[in-house]
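Okay, so here's the structure we're looking at.
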Amino acid sequence: MTVSIDGQRLWESLMAMAEIGPTANGGNCRLALTEEDAAGRRLLIEWCEAVGCTLRVDRVGNLFIRRPGKRDDLDPVATGSHLDTQPRGGRFDGILGVLAGLEVFRTLHEAGVVTERPLELVVWTNEEGSRFAPAMVASGAYAGVFSEAYTLSRRDRDGVTLGQALEATGFAGEMPVGEPRLASFFELHIEQGPVLEEEGEAIGVVTGVQGMRWFDLTLRGQPAHAGPTPMAYRRDALAAAARLIDRLQGHALADTSGATRVTVGCLEVDSPSRNVIPGEGRLTVDLRHVDEGELDALESRFERELAALAEAFGVETASERIWASPVVAFDAGCIAAVERATRAQGVPWRRMVSGAGHDAVQVSRVAPTAMIFIPCRDGISHNEAEYATPEHCALGAQVLCEALLERANRSAVS
(Lines give C-alpha, C1' and ligand atoms only; values in the text may rest on other atoms or scores of the structure.)
Protein backbone atom coordinates (compact mmCIF):
# COMPACT_ATOMS: atom_id res chain seq x y z
CA MET A 1 0.00 0.00 0.00
CA THR A 2 1.54 3.32 -1.08
CA VAL A 3 0.09 6.74 -0.34
CA SER A 4 1.88 10.06 -0.60
CA ILE A 5 1.68 12.68 2.09
CA ASP A 6 1.13 16.33 1.17
CA GLY A 7 4.39 18.10 2.02
CA GLN A 8 2.99 21.55 1.36
CA ARG A 9 0.06 20.96 3.71
CA LEU A 10 2.43 19.67 6.40
CA TRP A 11 4.56 22.80 6.05
CA GLU A 12 1.51 25.05 6.27
CA SER A 13 0.45 23.25 9.46
CA LEU A 14 3.90 23.76 10.96
CA MET A 15 3.81 27.46 10.14
CA ALA A 16 0.27 27.83 11.50
CA MET A 17 1.30 26.22 14.80
CA ALA A 18 4.32 28.55 14.91
CA GLU A 19 1.95 31.52 15.04
CA ILE A 20 1.00 30.47 18.59
CA GLY A 21 3.56 31.81 21.05
CA PRO A 22 5.99 33.36 18.53
CA THR A 23 9.24 34.90 19.75
CA ALA A 24 11.02 37.97 18.43
CA ASN A 25 13.62 36.06 16.42
CA GLY A 26 11.41 33.55 14.64
CA GLY A 27 11.10 30.86 17.30
CA ASN A 28 8.40 29.79 19.72
CA CYS A 29 7.63 29.95 23.43
CA ARG A 30 4.91 27.52 24.47
CA LEU A 31 5.95 26.33 27.91
CA ALA A 32 4.10 23.24 29.08
CA LEU A 33 0.51 23.86 30.11
CA THR A 34 0.62 27.60 29.65
CA GLU A 35 -2.19 29.21 27.71
CA GLU A 36 0.02 29.15 24.60
CA ASP A 37 0.56 25.40 24.94
CA ALA A 38 -3.15 24.90 25.50
CA ALA A 39 -3.95 26.94 22.38
CA GLY A 40 -1.61 24.75 20.33
CA ARG A 41 -3.29 21.64 21.67
CA ARG A 42 -6.76 22.98 20.89
CA LEU A 43 -5.75 23.76 17.31
CA LEU A 44 -4.41 20.24 16.83
CA ILE A 45 -7.57 18.71 18.26
CA GLU A 46 -9.68 20.81 15.88
CA TRP A 47 -7.62 19.61 12.91
CA CYS A 48 -7.84 15.96 13.98
CA GLU A 49 -11.57 16.00 14.64
CA ALA A 50 -12.07 17.37 11.12
CA VAL A 51 -10.83 14.02 9.75
CA GLY A 52 -12.95 11.86 12.03
CA CYS A 53 -10.56 11.26 14.91
CA THR A 54 -11.55 11.08 18.57
CA LEU A 55 -9.75 12.40 21.65
CA ARG A 56 -9.03 10.92 25.04
CA VAL A 57 -6.93 12.62 27.73
CA ASP A 58 -5.23 10.80 30.60
CA ARG A 59 -4.82 12.06 34.16
CA VAL A 60 -1.43 13.68 33.48
CA GLY A 61 -2.68 15.49 30.38
CA ASN A 62 -1.33 13.26 27.62
CA LEU A 63 -3.53 13.50 24.51
CA PHE A 64 -4.46 10.28 22.68
CA ILE A 65 -6.10 10.99 19.32
CA ARG A 66 -7.43 7.88 17.63
CA ARG A 67 -8.10 7.03 14.01
CA PRO A 68 -10.26 3.87 13.94
CA GLY A 69 -9.05 0.67 12.30
CA LYS A 70 -10.82 -2.35 10.90
CA ARG A 71 -10.29 -4.09 14.23
CA ASP A 72 -10.56 -1.65 17.08
CA ASP A 73 -10.16 -4.52 19.54
CA LEU A 74 -6.46 -4.61 18.64
CA ASP A 75 -3.89 -2.39 20.33
CA PRO A 76 -3.15 0.70 18.23
CA VAL A 77 0.03 1.59 16.39
CA ALA A 78 0.99 5.07 17.53
CA THR A 79 3.07 8.07 16.62
CA GLY A 80 3.54 11.47 18.21
CA SER A 81 5.81 13.75 20.18
CA HIS A 82 5.18 17.04 22.03
CA LEU A 83 3.95 20.58 21.41
CA ASP A 84 5.62 22.34 24.37
CA THR A 85 8.84 24.26 23.71
CA GLN A 86 11.82 25.79 25.44
CA PRO A 87 11.47 29.45 26.56
CA ARG A 88 13.16 30.53 23.32
CA GLY A 89 12.70 27.35 21.36
CA GLY A 90 12.21 26.52 17.72
CA ARG A 91 9.31 25.65 15.47
CA PHE A 92 10.20 22.00 14.82
CA ASP A 93 11.44 20.28 18.00
CA GLY A 94 8.57 17.94 18.94
CA ILE A 95 6.08 19.83 16.82
CA LEU A 96 7.22 18.09 13.62
CA GLY A 97 6.53 14.67 15.12
CA VAL A 98 3.00 15.66 16.11
CA LEU A 99 2.05 17.42 12.89
CA ALA A 100 3.58 14.71 10.71
CA GLY A 101 1.23 12.31 12.49
CA LEU A 102 -1.64 14.65 11.70
CA GLU A 103 -0.54 14.72 8.05
CA VAL A 104 -0.52 10.91 7.94
CA PHE A 105 -4.07 10.89 9.29
CA ARG A 106 -5.18 13.49 6.74
CA THR A 107 -3.56 11.57 3.89
CA LEU A 108 -5.16 8.27 4.86
CA HIS A 109 -8.52 10.00 5.29
CA GLU A 110 -8.38 11.48 1.78
CA ALA A 111 -7.29 8.15 0.29
CA GLY A 112 -10.01 6.24 2.12
CA VAL A 113 -7.44 3.93 3.69
CA VAL A 114 -8.46 2.07 6.85
CA THR A 115 -5.69 0.16 8.58
CA GLU A 116 -6.15 -3.18 10.30
CA ARG A 117 -5.21 -1.76 13.66
CA PRO A 118 -6.32 1.65 14.88
CA LEU A 119 -3.78 4.46 14.75
CA GLU A 120 -3.07 6.76 17.67
CA LEU A 121 -1.53 10.24 17.59
CA VAL A 122 -0.09 11.06 21.02
CA VAL A 123 0.87 14.45 22.42
CA TRP A 124 2.97 13.95 25.54
CA THR A 125 2.81 16.58 28.29
CA ASN A 126 5.87 18.57 29.41
CA GLU A 127 8.48 16.76 27.35
CA GLU A 128 10.93 19.64 27.58
CA GLY A 129 11.07 19.89 31.35
CA SER A 130 11.66 23.62 30.99
CA ARG A 131 8.64 24.47 33.16
CA PHE A 132 8.24 21.32 35.25
CA ALA A 133 11.32 19.18 35.94
CA PRO A 134 12.16 16.48 35.11
CA ALA A 135 11.79 16.28 31.36
CA MET A 136 9.56 13.61 29.77
CA VAL A 137 7.71 13.30 33.05
CA ALA A 138 4.24 12.56 31.61
CA SER A 139 5.43 9.96 29.10
CA GLY A 140 7.42 8.58 32.02
CA ALA A 141 4.23 8.34 34.06
CA TYR A 142 2.58 6.50 31.16
CA ALA A 143 5.47 4.03 31.15
CA GLY A 144 5.43 3.56 34.93
CA VAL A 145 8.72 5.38 35.56
CA PHE A 146 7.00 8.06 37.66
CA SER A 147 3.85 7.79 39.73
CA GLU A 148 0.80 9.82 38.83
CA ALA A 149 1.03 11.65 42.17
CA TYR A 150 4.70 12.52 41.64
CA THR A 151 3.99 13.82 38.13
CA LEU A 152 1.07 15.99 39.21
CA SER A 153 3.09 17.43 42.11
CA ARG A 154 5.92 18.86 39.97
CA ARG A 155 6.21 22.61 40.56
CA ASP A 156 7.35 25.45 38.35
CA ARG A 157 9.37 28.46 39.52
CA ASP A 158 6.18 30.17 40.72
CA GLY A 159 5.08 27.20 42.81
CA VAL A 160 2.32 26.11 40.42
CA THR A 161 2.01 22.34 40.24
CA LEU A 162 1.57 20.41 37.02
CA GLY A 163 -1.80 19.25 38.32
CA GLN A 164 -2.95 22.83 38.92
CA ALA A 165 -1.79 23.80 35.43
CA LEU A 166 -3.80 20.92 33.95
CA GLU A 167 -6.92 22.15 35.72
CA ALA A 168 -6.30 25.75 34.66
CA THR A 169 -5.91 24.84 30.99
CA GLY A 170 -8.73 22.28 30.88
CA PHE A 171 -6.50 19.28 30.14
CA ALA A 172 -6.97 17.32 33.36
CA GLY A 173 -8.26 14.09 31.82
CA GLU A 174 -10.01 11.07 33.26
CA MET A 175 -8.34 8.16 31.43
CA PRO A 176 -6.10 6.09 33.71
CA VAL A 177 -2.38 6.69 33.19
CA GLY A 178 -0.86 3.83 31.20
CA GLU A 179 -3.80 3.43 28.83
CA PRO A 180 -4.11 2.64 26.02
CA ARG A 181 -1.51 -0.07 25.55
CA LEU A 182 0.37 0.49 22.26
CA ALA A 183 1.32 -2.20 19.74
CA SER A 184 4.16 0.02 18.41
CA PHE A 185 5.31 3.62 18.69
CA PHE A 186 7.21 5.74 16.17
CA GLU A 187 8.51 9.26 16.75
CA LEU A 188 9.73 11.56 13.97
CA HIS A 189 12.07 14.31 15.13
CA ILE A 190 14.70 16.72 13.93
CA GLU A 191 18.17 15.40 14.75
CA GLN A 192 19.09 18.35 17.01
CA GLY A 193 22.71 17.77 16.02
CA PRO A 194 24.90 18.28 12.94
CA VAL A 195 25.69 14.72 11.77
CA LEU A 196 23.07 14.20 9.04
CA GLU A 197 23.66 17.61 7.51
CA GLU A 198 27.45 17.30 7.68
CA GLU A 199 27.38 13.84 6.08
CA GLY A 200 24.82 14.74 3.39
CA GLU A 201 22.29 12.21 4.63
CA ALA A 202 18.54 12.75 4.61
CA ILE A 203 17.25 10.26 7.19
CA GLY A 204 18.58 8.93 10.46
CA VAL A 205 17.23 5.54 11.52
CA VAL A 206 17.55 5.83 15.28
CA THR A 207 18.58 2.63 17.03
CA GLY A 208 18.63 3.96 20.57
CA VAL A 209 19.27 6.88 22.91
CA GLN A 210 22.24 7.66 25.12
CA GLY A 211 21.88 7.56 28.89
CA MET A 212 21.30 10.78 30.82
CA ARG A 213 21.51 11.85 34.44
CA TRP A 214 20.48 15.19 35.90
CA PHE A 215 21.70 16.70 39.16
CA ASP A 216 20.70 19.74 41.21
CA LEU A 217 23.72 21.02 43.08
CA THR A 218 24.15 23.62 45.84
CA LEU A 219 27.56 24.96 46.93
CA ARG A 220 27.62 26.89 50.23
CA GLY A 221 30.56 29.06 51.17
CA GLN A 222 30.72 32.37 53.03
CA PRO A 223 29.70 35.76 51.66
CA ALA A 224 32.28 38.41 52.50
CA HIS A 225 33.60 41.78 51.33
CA ALA A 226 35.60 41.63 48.12
CA GLY A 227 38.21 44.13 49.29
CA PRO A 228 39.34 43.24 52.82
CA THR A 229 39.15 39.44 52.43
CA PRO A 230 42.44 37.87 51.21
CA MET A 231 42.14 35.18 48.58
CA ALA A 232 43.49 32.47 50.86
CA TYR A 233 40.74 33.08 53.42
CA ARG A 234 37.79 33.03 51.06
CA ARG A 235 35.06 30.41 50.79
CA ASP A 236 33.91 31.40 47.32
CA ALA A 237 30.95 29.33 46.07
CA LEU A 238 31.11 30.68 42.53
CA ALA A 239 34.84 30.01 42.20
CA ALA A 240 34.16 26.46 43.37
CA ALA A 241 31.46 26.10 40.73
CA ALA A 242 33.85 27.39 38.07
CA ARG A 243 36.47 24.80 39.11
CA LEU A 244 33.90 22.01 38.92
CA ILE A 245 32.70 23.10 35.50
CA ASP A 246 36.26 23.40 34.18
CA ARG A 247 37.27 19.96 35.47
CA LEU A 248 34.19 18.25 34.05
CA GLN A 249 34.58 20.01 30.71
CA GLY A 250 38.22 18.99 30.54
CA HIS A 251 37.35 15.37 31.26
CA ALA A 252 34.70 15.32 28.55
CA LEU A 253 36.96 16.97 25.96
CA ALA A 254 39.69 14.43 26.68
CA ASP A 255 37.40 11.61 25.52
CA THR A 256 38.60 11.08 21.96
CA SER A 257 35.49 9.05 21.11
CA GLY A 258 33.36 12.15 21.61
CA ALA A 259 30.76 10.11 23.49
CA THR A 260 31.06 11.90 26.86
CA ARG A 261 28.73 14.88 27.28
CA VAL A 262 28.74 17.28 30.25
CA THR A 263 26.53 20.38 30.49
CA VAL A 264 25.91 22.96 33.19
CA GLY A 265 22.80 24.68 31.90
CA CYS A 266 21.74 26.74 34.94
CA LEU A 267 23.92 28.69 37.37
CA GLU A 268 22.57 31.03 40.02
CA VAL A 269 24.32 33.07 42.73
CA ASP A 270 22.40 33.91 45.89
CA SER A 271 22.09 37.70 46.41
CA PRO A 272 24.69 38.60 43.78
CA SER A 273 26.70 41.80 44.12
CA ARG A 274 29.84 42.86 42.28
CA ASN A 275 31.82 43.50 45.48
CA VAL A 276 30.61 40.54 47.55
CA ILE A 277 32.26 37.13 47.48
CA PRO A 278 29.49 34.69 46.44
CA GLY A 279 28.38 32.73 49.46
CA GLU A 280 26.03 30.28 47.76
CA GLY A 281 25.67 28.97 44.23
CA ARG A 282 23.12 26.65 42.67
CA LEU A 283 23.72 24.84 39.41
CA THR A 284 22.44 21.98 37.31
CA VAL A 285 24.66 19.25 35.91
CA ASP A 286 23.67 17.08 32.93
CA LEU A 287 25.80 13.96 32.26
CA ARG A 288 25.34 11.78 29.13
CA HIS A 289 27.00 8.77 27.49
CA VAL A 290 26.07 6.01 25.04
CA ASP A 291 27.44 3.30 27.35
CA GLU A 292 25.87 2.66 30.77
CA GLY A 293 29.18 1.60 32.36
CA GLU A 294 30.91 4.72 31.08
CA LEU A 295 28.02 6.80 32.39
CA ASP A 296 28.53 5.23 35.83
CA ALA A 297 32.22 6.16 35.60
CA LEU A 298 31.32 9.70 34.56
CA GLU A 299 29.03 10.07 37.57
CA SER A 300 31.81 8.77 39.83
CA ARG A 301 34.17 11.35 38.34
CA PHE A 302 31.60 14.07 39.04
CA GLU A 303 31.32 12.93 42.67
CA ARG A 304 35.13 12.97 43.13
CA GLU A 305 35.42 16.45 41.68
CA LEU A 306 32.59 17.61 43.91
CA ALA A 307 34.24 16.19 47.03
CA ALA A 308 37.50 17.93 46.14
CA LEU A 309 35.82 21.34 46.28
CA ALA A 310 35.40 21.12 50.06
CA GLU A 311 39.16 21.02 50.58
CA ALA A 312 40.10 23.42 47.80
CA PHE A 313 37.49 26.12 48.49
CA GLY A 314 36.08 25.37 51.94
CA VAL A 315 32.54 25.01 50.62
CA GLU A 316 29.79 22.62 51.64
CA THR A 317 28.17 20.66 48.82
CA ALA A 318 24.70 19.20 48.48
CA SER A 319 23.90 17.20 45.35
CA GLU A 320 20.65 15.51 44.36
CA ARG A 321 20.24 13.28 41.33
CA ILE A 322 16.76 14.25 40.18
CA TRP A 323 16.54 12.13 37.04
CA ALA A 324 18.25 9.19 35.40
CA SER A 325 17.45 7.77 32.00
CA PRO A 326 19.37 4.60 31.09
CA VAL A 327 20.90 3.89 27.70
CA VAL A 328 18.03 2.73 25.48
CA ALA A 329 18.05 0.25 22.60
CA PHE A 330 14.99 0.50 20.37
CA ASP A 331 12.98 -2.46 19.04
CA ALA A 332 14.59 -4.38 16.18
CA GLY A 333 11.28 -4.90 14.37
CA CYS A 334 10.37 -1.21 14.48
CA ILE A 335 13.87 -0.22 13.38
CA ALA A 336 13.57 -2.62 10.43
CA ALA A 337 10.22 -1.08 9.46
CA VAL A 338 11.80 2.38 9.42
CA GLU A 339 14.73 1.10 7.36
CA ARG A 340 12.42 -0.45 4.76
CA ALA A 341 10.43 2.76 4.53
CA THR A 342 13.64 4.77 4.18
CA ARG A 343 15.13 2.54 1.47
CA ALA A 344 11.92 2.91 -0.51
CA GLN A 345 12.60 6.65 -0.77
CA GLY A 346 16.01 6.13 -2.41
CA VAL A 347 17.76 8.71 -0.22
CA PRO A 348 21.08 8.53 1.68
CA TRP A 349 20.59 7.51 5.29
CA ARG A 350 22.36 6.09 8.30
CA ARG A 351 21.72 4.27 11.54
CA MET A 352 22.47 6.47 14.55
CA VAL A 353 22.06 6.86 18.31
CA SER A 354 20.20 9.90 19.62
CA GLY A 355 22.12 12.28 21.84
CA ALA A 356 18.94 13.91 23.14
CA GLY A 357 16.17 12.47 25.27
CA HIS A 358 12.72 12.00 23.76
CA ASP A 359 9.35 10.66 24.86
CA ALA A 360 10.18 7.57 22.81
CA VAL A 361 12.77 6.72 25.49
CA GLN A 362 10.02 6.33 28.07
CA VAL A 363 7.56 4.63 25.73
CA SER A 364 10.17 2.06 24.72
CA ARG A 365 9.92 0.58 28.21
CA VAL A 366 6.37 -0.60 27.54
CA ALA A 367 5.98 -0.81 23.74
CA PRO A 368 8.12 -1.64 20.68
CA THR A 369 9.54 1.72 19.63
CA ALA A 370 11.78 3.40 17.06
CA MET A 371 12.59 6.93 15.91
CA ILE A 372 13.20 8.74 12.62
CA PHE A 373 15.53 11.75 12.36
CA ILE A 374 15.75 14.41 9.66
CA PRO A 375 18.54 17.03 9.41
CA CYS A 376 18.26 20.45 10.99
CA ARG A 377 20.24 23.44 9.80
CA ASP A 378 23.69 23.69 11.44
CA GLY A 379 22.55 21.11 13.99
CA ILE A 380 20.89 23.90 15.99
CA SER A 381 17.95 23.16 18.29
CA HIS A 382 16.47 24.56 21.52
CA ASN A 383 17.07 27.86 19.77
CA GLU A 384 14.95 30.34 17.83
CA ALA A 385 17.17 29.71 14.79
CA GLU A 386 16.14 26.03 14.64
CA TYR A 387 15.18 25.10 11.06
CA ALA A 388 14.41 22.09 8.90
CA THR A 389 13.59 22.34 5.20
CA PRO A 390 10.09 21.64 3.87
CA GLU A 391 11.58 18.85 1.75
CA HIS A 392 13.17 17.08 4.70
CA CYS A 393 10.00 17.48 6.80
CA ALA A 394 7.97 15.90 4.00
CA LEU A 395 10.47 13.09 3.54
CA GLY A 396 10.43 12.27 7.24
CA ALA A 397 6.63 12.26 7.26
CA GLN A 398 6.58 9.91 4.26
CA VAL A 399 8.94 7.46 5.99
CA LEU A 400 6.78 7.70 9.10
CA CYS A 401 3.63 7.03 7.08
CA GLU A 402 5.01 3.90 5.47
CA ALA A 403 6.39 2.52 8.73
CA LEU A 404 3.03 3.11 10.43
CA LEU A 405 1.13 1.41 7.61
CA GLU A 406 3.40 -1.63 7.72
CA ARG A 407 2.93 -2.12 11.45
CA ALA A 408 -0.74 -1.15 11.56
CA ASN A 409 -1.69 -3.67 8.88
CA ARG A 410 -0.38 -6.57 10.94
CA SER A 411 -2.89 -8.28 13.21
CA ALA A 412 -0.01 -9.79 15.18
CA VAL A 413 3.03 -7.82 16.34
CA SER A 414 6.15 -9.69 17.41
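Does any residue of region 3-22 turn out to be surrounded by 15 or more Cβ atoms within 10 Å (Cβ to Cβ) and touching a Phe, Trp or Tyr at 6+ places or on another chain (Cβ under 6 Å)? No. Return yes when L400 is touching a residue at least 24 places away in the same chain (Cβ under 8 Å), out of contact with any Gly (no Cβ under 8 Å at 6 or more places or on another chain) and assigned to a helix (DSSP H, G or I) and no when it is not. Judged against the criteria, L400 is not a match.
Can you pull out the strands (runs of 3 or more DSSP E) entirely within region 58-138 that have at least 1 residues that are of a type outside the set (S, T, N, Q) and surrounded by fewer than 22 Cβ atoms within 10 Å (Cβ to Cβ)?
Output list reads 63-67.
Any residue at all in region 151-170 that's outside any loop (DSSP other than H, G, I, E, B) and farther than 18 Å from R59 by Cα? There is no residue in region 151-170 that is outside any loop (DSSP other than H, G, I, E, B) and farther than 18 Å from R59 by Cα. If you check E179, E198, E268, E174 for being within 30 Å of T389 (Cα to Cα) and either acidic (D, E) or without any contact (Cβ under 8 Å) to a residue 40 or more places away in the chain (or both), only one passes: E198.
Among the residues of region 328-356, which ones are at pLDDT 95 or above, within 10 Å of V205 (Cα to Cα) and not in a helix (DSSP H, G or I)? Once the filter is applied, which keeps residues that are at pLDDT 95 or above, within 10 Å of V205 (Cα to Cα) and not in a helix (DSSP H, G or I), region 328-356 yields W349, R350, R351, M352. Scanning region 38-52 for residues that are more than 26 Å from the chain's Cα centre (by Cα) and touching a residue at least 12 places away in the same chain (Cβ under 8 Å) gives V51, G52.
Within region 256-295, being among the polar types (S, T, N, Q), open to solvent by 40 Å² or more (accessible area, probe 1.4 Å) and part of a loop (DSSP other than H, G, I, E, B) holds for T256, S257, S271, S273, N275. Every condition in (1) buried (at least 23 other Cβ atoms within 10 Å of the Cβ); (2) closer than 30 Å to T342 by Cα; (3) among the basic types (K, R) holds for R30 except the one numbered (2). Scoring I277 on the criteria (1) at pLDDT 95 or above; (2) closer than 21 Å to S325 by Cα leaves a single failure, condition (2).
Let's see how each residue does on (1) open to solvent by 10 Å² or more (accessible area, probe 1.4 Å); (2) hydrophobic (A, V, I, L, M, F, W, C):
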position: T342; (1), (2): no, no
position: Q345; (1), (2): yes, no
position: G355; (1), (2): yes, no
position: V361; (1), (2): no, yes
position: A367; (1), (2): no, yes
position: I372; (1), (2): no, yes
position: S381; (1), (2): yes, no
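The values are calculated or read from the model by the stated rules, or taken from the named source; none is laboratory data. Please read all numbers here as calculations on a predicted model, not as lab measurements. Counting neighbours? That spans all protein chains shown, and the Cβs are built from the backbone with ideal geometry, glycine included. Just so you know, the surface numbers come from the protein's heavy atoms only, side chains and all, with ligands and any DNA or RNA stripped out. Shrake-Rupley method; radii C 1.70, N 1.55, O 1.52, S 1.80 Å.
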